[in-house]
Amino acid sequence: MTEVSIERLTKVFGSSRAVDGISLRIADGEFISLLGPSGCGKTTTLKMIAGFEPVSDGAIRFDGSDVVNVPAEKRDIGMVFQNYALFPHMTVAQNLAFGLEMRKVAKPEMEERIARVLDMVQLGGYAERYPNQLSGGQQQRVALARALVIEPRILLLDEPLANLDAKLREEMRVFIRDLQRRVGITTVYVTHDQAEAMTMSDRVVVMFGGRIAQMGAPADIYEKPETLEVAEFVGQVNLIKGRVTSVDAGEAQISTVFGTVAVPDRGIARPNMTATLALRPEALDLAAAGEPGAAGRITARYYSGSLVDFRVALSSGEELHVQTFPNARYSEGDDVTVRAPLDAFWLIGAAQ
Amino acid sequence: MKRPVLTIYCLLVYAFLLAPILVVVGASFNAGNFLTFPPQGLSLRWYVTFFNNEVFMRAIRTSLWLAAVSTVISTIIGTMAAIYYVQHAGKRKELIRIAMLSPLLLPEVLTAISLLFFVYTIGIGTRTIIGLVVGHVLITLPFVFINVSASLESFDSSWDMAARSLGAGRWTRFRRIMLPLIKPGVIGGALFAFIISFDVFTISFMLKGIGMSTLPIQLFDYLRTNFTPEAAAVSTLSIVLTLGVVIVSEKVLGLRIHRF
Ligand SMILES: Nc1ncnc2c1ncn2[C@@H]1O[C@H](COP(=O)(O)OP(=O)(O)OP(=O)(O)O)[C@@H](O)[C@H]1O
Ligand SMILES: [Mg+2]
């Protein structure tokens, strides 16, 4: 299997830097997601790894050997496209056979491998169908099978679920993740859907404007965002201000509308600084007015089945977004208290 | 009939377009000695005369040969040009399109005279058939180009990337992925080229060598001195031949294709 290492990888189109010096090491068998808004350079990065896009600067190594000058057809990569890119004039079996023919695999072995992979993606009976005779989800799985049957060194996927409906998308997330675990192949997955990146990846790489803003385990990215951009991109977030009263040993005491809270500090807090703190809506809870916490009034309530979203105007003027289970029986206009557990606060930086 | 006026209008247009053809076909079965309509009695005698007419036979062989050769050449050149135009031309796209379509935009007689001038300037004149073939390729090229570029516009570049990632080199990708997927355009273009070449008059007239003749030229020549139903028989046969090419290609080569 294969370890990928990317160093100061850069892609310049005319005067704009689509990818701006990113460095990244992907361990053998690891599942990495490139997550970021439209135009941040995810696809360009993936295409450079695949060899479809010439590199402007930097290095890409597979198991230590530089592949920058190796053409795409020699890189031994499995690629899955957003529109599947199945060959419409070939049956499922012929689509899968194509890569094996290029590798001059003998006929009996070829048939055996195709059958095995089709089984793996649960499309055993579909070998003789043409792509236009399959549903979107089935086409997606054929595309995955076609990429995997050649047993490539690396699997690359560019928004493979973007064309599926919400329910199928959730099923496929788990499906792809499980399959990747079983096969144990090094995988780079491009998406702008944060939930997708979170569920599937070992590590998430958040990109903005061609640069890596933060990378780490999904929980770290979500719970410990290093910048406001990352915090806002990976989920909904409330921002509140607070005054730093003291700092010591990686912990800052900050006085907020919720009282004084102790927040982990990564060297950015200074005494007397006005800081911005992040609070995830689902970490918050409502209680009756008068309880300890931040007092406020509900301005809106949105019911969405498994959760209820509240907008709460605090008496201090800030507006909070609170997400709770539907058993909370509060409605618009009620006076309430917003409660936050002590570990819900995360220091983003100095307030603007 | 939901729209009677439109329906009648369409029928009239078709009648206007098809009536002359029907008249010619009808007149070809004439038993009399002159090209008249309605025919005076039914007979195949003018077809027999035609098939026994060595001059016409030679002309039709020349026309078929010329159409076949120029179709092959312009299909290859036109397809390559279309691939460059759609996939690689970049900023030069508009320029290339105009250049490729110019034989259609210029009057045929102008192209013919320029070519005639050209072949004499470079010294080959009309002693060889080269000038004639070049003329036919030139006039048929735009039809291949238009058809192939139209089908290339719907060729998804991710098919090519997918094939590349699976390990296919340039030639394999062309042969196994692109060509089958643009086949309808290529065949359609080749058909057009064949029919146009079979039909071309002015270019052939200017560039043919002495003593050589294509079917349209021979027909024209014949009609200047004769006015028998044999001319109608020749015309009917060209119509049948043209239709035959279209139908056979569709059946044999298969324009059907699987798409999603
Ligand atoms: N061939 C190209 N020529 C010029 N600019 C390009 C080209 N391809 C991409 N870009 C630019 O590079 C930047 C990054 O593009 P890229 O396709 O990598 O974005 P992305 O993160 O995949 O976005 P999306 O989520 O919309 O797919 C964009 O600003 C885009 O306009
Ligand atoms: Mg993209």
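The values are calculated or read from the model by the stated rules, or taken from the named source; none is laboratory data. Here the structure is a predicted model, which is why all the values come from computation and not from measurement. Counting neighbours? That spans all protein chains shown, and the Cβs are built from the backbone with ideal geometry, glycine included. All accessible areas refer to the heavy atoms of the entire protein, side chains included, with ligands and DNA or RNA removed. Shrake-Rupley method; radii C 1.70, N 1.55, O 1.52, S 1.80 Å.
One residue stands out in the stretch A:303-334 among those that are surrounded by 11 or more Cβ atoms within 10 Å (Cβ to Cβ) and of a type in the set (Phe, Trp, Tyr): the one that is farthest from the chain's Cα centre (by Cα), namely A:330.
Among the helices (runs of 4 or more DSSP H) contained in the stretch B:148-260, which hold 3 or more residues that are within 14 Å of chain A (Cβ to nearest Cβ) and modelled with pLDDT of 85 or more?
Values: elements: B:157-165, B:170-173, B:179-199, B:202-207, B:215-225, B:230-249.
By residue number, B:157-165, B:170-173, B:179-199.
Among the residues of the stretch A:145-162, the ones that are buried (at least 19 other Cβ atoms within 10 Å of the Cβ) and within 16 Å of ligand 1 (Cβ to nearest atom) come to 6 in all.
Among residues of the stretch A:181-201 that are in a strand (DSSP E or B), those with a beta-carbon under 8 Å from a residue that is among the polar types (S, T, N, Q) and within 14 Å of ligand 2 (Cβ to nearest atom) at least six positions away or on a different chain give the pairs A:188/A:33; A:189/A:33; A:190/A:33; A:190/A:43; A:190/A:45; A:191/A:33.
Select from the stretch B:110-167 the residues that are among the hydroxyl-bearing types (Ser, Thr, Tyr) and touching a residue at least 12 places away in the same chain (Cβ under 8 Å) and list them in ascending order. Please lay out each step first, then the result.
First, pick out the residues of the stretch B:110-167 that are among the hydroxyl-bearing types (Ser, Thr, Tyr): B:111, B:114, B:120-121, B:126, B:128, B:140, B:149, B:151, B:154, B:157-158, B:165.
Residues satisfying the conditions are B:111, B:126, B:128, B:140, B:149, B:151, B:157.
Considering only residues that are of a type in the set (Gly, Ala, Ser) and open to solvent by 20 Å² or more (accessible area, probe 1.4 Å), look in the stretch B:183-212 and name the one that is farthest from residue B:112 (Cα to Cα). Applying the filter and picking the extreme gives B:190.
Annotation note: of A:181, A:177, the sole residue that is away from ligand 1 (no atom under 15 Å from the Cβ), open to solvent by less than 40 Å² (accessible area, probe 1.4 Å) and either of a type in the set (D, E, K, R) or on the phi > 0 side of the Ramachandran plot (or both) is A:177. Among the residues that make up the stretch A:119-134, is at least one of them in contact with a Leu (Cβ under 7 Å, 6 or more places away or on another chain), at the interface with chain B (Cβ under 8 Å from one of its Cβ atoms), open to solvent by less than 20 Å² (accessible area, probe 1.4 Å) and not small (Gly, Ala, Ser)? Yes, the stretch A:119-134 contains at least one residue that is in contact with a Leu (Cβ under 7 Å, 6 or more places away or on another chain), at the interface with chain B (Cβ under 8 Å from one of its Cβ atoms), open to solvent by less than 20 Å² (accessible area, probe 1.4 Å) and not small (Gly, Ala, Ser).
Pairing residues of the stretch A:38-60 that are away from chain B (no Cβ under 14 Å) with residues that are among the hydroxyl-bearing types (Ser, Thr, Tyr) and more than 8 Å from ligand 1 (Cβ to nearest atom), at Cβ distances under 6 Å and at least 6 apart in sequence or on separate chains, gives A:56/A:10; A:57/A:10; A:58/A:10.
Take the conditions (1) open to solvent by 20 Å² or more (accessible area, probe 1.4 Å); (2) more than 16 Å from ligand 1 (Cβ to nearest atom); (3) of a type in the set (Gly, Ala, Ser); (4) touching a helix residue (DSSP H, G or I) at 6+ places or on another chain (Cβ under 7 Å); residue A:213 misses just one of them, which is (2).
Table: residues versus (1) more than 16 Å from ligand 2 (Cβ to nearest atom); (2) modelled with pLDDT of 95 or more; (3) open to solvent by 20 Å² or more (accessible area, probe 1.4 Å).
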{"position": "A:30", "(1), (2), (3)": "yes, yes, yes"}
{"position": "A:74", "(1), (2), (3)": "yes, no, yes"}
{"position": "A:92", "(1), (2), (3)": "yes, yes, no"}
{"position": "A:116", "(1), (2), (3)": "yes, no, yes"}
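Evaluated against (1) of a type outside the set (Val, Ile, Thr); (2) within 16 Å of ligand 1 (Cβ to nearest atom); (3) farther than 25 Å from residue A:52 by Cβ, residue A:165 falls short on exactly one condition, (2).
Restricting the search to the stretch A:76-88, which residues are among the aromatic types (Phe, Trp, Tyr) and within 16 Å of ligand 2 (Cβ to nearest atom)? Break it down stepwise before answering.
Narrowing the stretch A:76-88 to residues among the aromatic types (Phe, Trp, Tyr): A:81, A:84, A:87.
Of everything in the stretch A:76-88, those that are among the aromatic types (Phe, Trp, Tyr) and within 16 Å of ligand 2 (Cβ to nearest atom) turn out to be A:81, A:84.
Determine whether the stretch A:32-46 contains at least one residue that is away from ligand 2 (no atom under 16 Å from the Cβ) and open to solvent by less than 20 Å² (accessible area, probe 1.4 Å). Checked against the condition, which is being away from ligand 2 (no atom under 16 Å from the Cβ) and open to solvent by less than 20 Å² (accessible area, probe 1.4 Å), the stretch A:32-46 yields no hits at all.
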